[in-house]
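Shown next, in structure tokens, is the structure this report addresses.
No lab work stands behind these numbers, since they all come straight from the coordinates. All values derive from a computational prediction rather than experimental measurement. All Cβ positions, glycine included, derive from the backbone under ideal geometry; neighbour counts span all protein chains shown.
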């Protein structure tokens, strides 16, 4: 494998914080990057390294989707962040696809998130669908939509 090939790695929640701050909180009223769900049982934190540098992070939290009446085995994708210096190079997509594959292997059949409207096209390209009306997130004060992706 080439030295600069992307590698997905398991992280601690704390290892996600710098990218969460730089990407998700640089333009928001809150600078809080610690999520209560970070330490929930079964929560997983994944990162993508390129040439040894952490360029993307994501957290996957076992949690029912608020719109899923069937109560499928689900995870919430949280804190998805790709370094501003490498956005639009496909690295975020590599991380989302690998995360979805890992979740499917664990028996998860539904991934959901509260996605920023600015990132909707990214998620749509990766098999997510928008569910319901948009809303303003309380923490970020930015427009969001609920998105879901069925695995299997």
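Roughly how far apart, in whole Å, are the Cα centres of the stretch 1-55 and the stretch 72-110? With the stretch 1-55 and the stretch 72-110 each reduced to a Cα centre, they are spaced 11 Å. Model label sites at residue 117 and residue 69, defined 7 Å from Cα along the beta-carbon direction, differ in position by 2.8 nm. At a Förster radius of 35 Å, what calculated FRET efficiency corresponds to the Cβ-Cβ distance of residue 131 and residue 5, to the nearest 0.05? With R0 = 35 Å, the Cβ-Cβ based efficiency is 0.50. Here the relative contact order of the stretch 21-70, from alpha carbon pairs under 8 Å that lie six or more residues apart, stands at 26 percent. Annotation: the residues 89, 31, sorted from fewest to most other C-beta atoms within 10 Å of their own C-beta, follow the order 31, 89. The fewest-to-most ranking of 17, 150 by surrounding Cβ atoms within 10 Å reads 150, 17.
In plain terms, the residue of 61, 86 with the fewest other Cβ atoms within 10 Å comes first and the most crowded comes last, giving 86, 61. Compute the whole-percent fraction of alpha carbon pairs in the stretch 7-150 spaced more than 28 Å apart. Considering the stretch 7-150, 10 percent of its Cα-Cα pairs are separated by more than 28 Å.
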